[in-house]
1. Quick check on my filter: what residues within the range A:64-79 are surrounded by 16 or more Cβ atoms within 10 Å (Cβ to Cβ) and either out of contact with any Ser or Thr (no Cβ under 8 Å at 6 or more places or on another chain) or more than 15 Å from residue A:37 (Cβ to Cβ) (or both)?
2. Test residue A:103 against the criterion of being within 13 Å of the chain's Cα centre (by Cα), at the interface with chain B (Cβ under 9 Å from one of its Cβ atoms), closer than 30 Å to residue B:66 by Cβ and in a helix (DSSP H, G or I), and give yes or no.
3. Name the one entry in B:18, B:6 that is assigned to a helix (DSSP H, G or I) and within 30 Å of residue B:65 (Cα to Cα).
4. Looking at the range A:82-94, which of the residues that are part of a helix (DSSP H, G or I) and farther than 21 Å from residue B:61 by Cβ is nearest to the other protein chains (Cβ to nearest Cβ)?
5. Inspect the range A:58-81 for any residue being over 15 Å from the mean Cα position of the chain (by Cα), at pLDDT below 90 and either outside any helix (DSSP H, G or I) or at positive phi (or both) and give the result as yes or no.
6. Between a first residue in the range B:6-23 that is without any contact (Cβ under 8 Å) to a residue 12 or more places away in the chain and a second residue that is of a type in the set (A, V, I, L, M, F, W, C), which pairs have beta carbons less than 7 Å apart while being 6 or more apart in sequence or on different chains?
7. Determine if the range B:21-43 includes at least one residue that is closer than 15 Å to residue A:55 by Cα, among the aromatic types (Phe, Trp, Tyr) and open to solvent by 70 Å² or more (accessible area, probe 1.4 Å).
8. For the list (1) touching a helix residue (DSSP H, G or I) at 6+ places or on another chain (Cβ under 8 Å); (2) open to solvent by less than 100 Å² (accessible area, probe 1.4 Å); (3) more than 9 Å from every other protein chain (Cβ to nearest Cβ); (4) at pLDDT 80 or above, I need the number of the one condition that residue B:104 fails.
Amino acid sequence: MAGRSDSGSSEKKSSEATNDVPTFSAENLQSNMKIIYYSRTFMSIIGGVVAGILGFTGLTGFIFYFLVMAITSVGLIAKAKFSVNSYFDSWNRILLDGFMGGLMSFVLFWTFAYDIVHIF
Amino acid sequence: MGLGFAVGVLGVLILGHAAYSTIQYRGLLKIMEEEFSGPPMNVVLELLLAFLFCIWAALSVPGKFLPINPDSEENRIVSLPDNLDFMIFNHRAKVSLSEIGLKLKH
C-alpha cells in the first residue's frame, strides 16, 4: 500500500499520466486471492468427486468442470456483493485465477471417485 | 466460520453416502444382470444437496473479502497512534532555517 500510493501522490502535481496508475492495498488483494484459490480448489475437488460418482467419462466430465467453475465464479461474485472492482483489480482475478490448478485436482479426484464407485 | 465448516463436513458425508449408495446399486445391477445407464434418482438428489452444501462451505469458510481501494471505509485511517505524548513537533530545522531568513509556516 505504502510504496505505490506514495509515489502516485507525490507525482500527482508533476504529471497527469501517473494519475492513471491504480492504487490499492496489495496485502488485502493478496488475502482476497488466497480466498479465491481456497474456494476454487475445494470446489474442484468436490466437483471431481461428484463427477466420479455420477459416472461421467471423457468430454462430459470436462464440460462438468467448466460448469462447476462457472457456478463457483458466480458464487464468488455474489460474495463480493457484485462490486468486483472494490475487491480485485481486474475481472480475470475472479473469473480465471486458479482454473488450471483446479483442473488438475478435478481430474485426480474424478478418476479416484470413478475408480472406487464404478470399477472396484 | 464454524457453521460453514460444519455444513462442509455434512456435505462431504452426504457425498460419501451417495458414493456408497451407488456402489450398492451397481451390486444390485450385477445380480439382476442389467447394464448401468445412470445413477438412481435418490443418489442424484443427494449429490445435488451435497454440492449445494459444499458451495456454501467453500464460499463462507475462507473468510471475507477485504476492500483494496485506499478510499474505502475500512482502509481509511481514523485512529491516532497511542503515543501522542511522545511526539516531537519542534526540531532544529525550525531554528536554523529562521536564522537564515526562510520562514516556515506553523
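The values are calculated or read from the model by the stated rules, or taken from the named source; none is laboratory data. This one's a predicted model, so the numbers in the text were calculated from it and none came from an experiment. Every residue, glycine among them, receives a Cβ derived from its backbone with ideal geometry; neighbour counts consider all protein chains shown. The area values use the complete protein model at the heavy-atom level, side chains included, leaving out ligands, DNA and RNA. Shrake-Rupley method; radii C 1.70, N 1.55, O 1.52, S 1.80 Å.
1. A:64, A:65, A:68, A:73, A:77, A:79
2. Details: within 13 Å of the chain's Cα centre (by Cα): yes; at the interface with chain B (Cβ under 9 Å from one of its Cβ atoms): no; closer than 30 Å to residue B:66 by Cβ: yes; in a helix (DSSP H, G or I): yes.
Against the criterion (within 13 Å of the chain's Cα centre (by Cα), at the interface with chain B (Cβ under 9 Å from one of its Cβ atoms), closer than 30 Å to residue B:66 by Cβ and in a helix (DSSP H, G or I)), residue A:103 does not qualify.
3. Numbers: B:18 fails: within 30 Å of residue B:65 (Cα to Cα).
Being assigned to a helix (DSSP H, G or I) and within 30 Å of residue B:65 (Cα to Cα) holds for just one of B:18, B:6, which is B:6.
4. Of the residues in the range A:82-94, the ones part of a helix (DSSP H, G or I) are A:84-86, A:91-94.
Those left that are additionally farther than 21 Å from residue B:61 by Cβ: A:85-86, A:91-92.
On the way: A:85: 8, A:86: 5, A:91: 14, A:92: 15 Å.
Selected residue: A:86.
5. Within the range A:58-81, the first condition is being over 15 Å from the mean Cα position of the chain (by Cα), and the residues that meet it are A:58-64, A:81.
Now drop any that are not at pLDDT below 90, which leaves A:81.
Remaining after also requiring either outside any helix (DSSP H, G or I) or at positive phi (or both): A:81.
Within the range A:58-81, one or more residues are over 15 Å from the mean Cα position of the chain (by Cα), at pLDDT below 90 and either outside any helix (DSSP H, G or I) or at positive phi (or both).
6. If the second residue must be of a type in the set (A, V, I, L, M, F, W, C), the pairs left are B:19/A:53; B:19/A:113; B:19/A:116; B:19/A:117; B:23/A:117.
7. No, every residue in the range B:21-43 fails to be closer than 15 Å to residue A:55 by Cα, among the aromatic types (Phe, Trp, Tyr) and open to solvent by 70 Å² or more (accessible area, probe 1.4 Å).
8. All conditions pass for residue B:104, except number (4).
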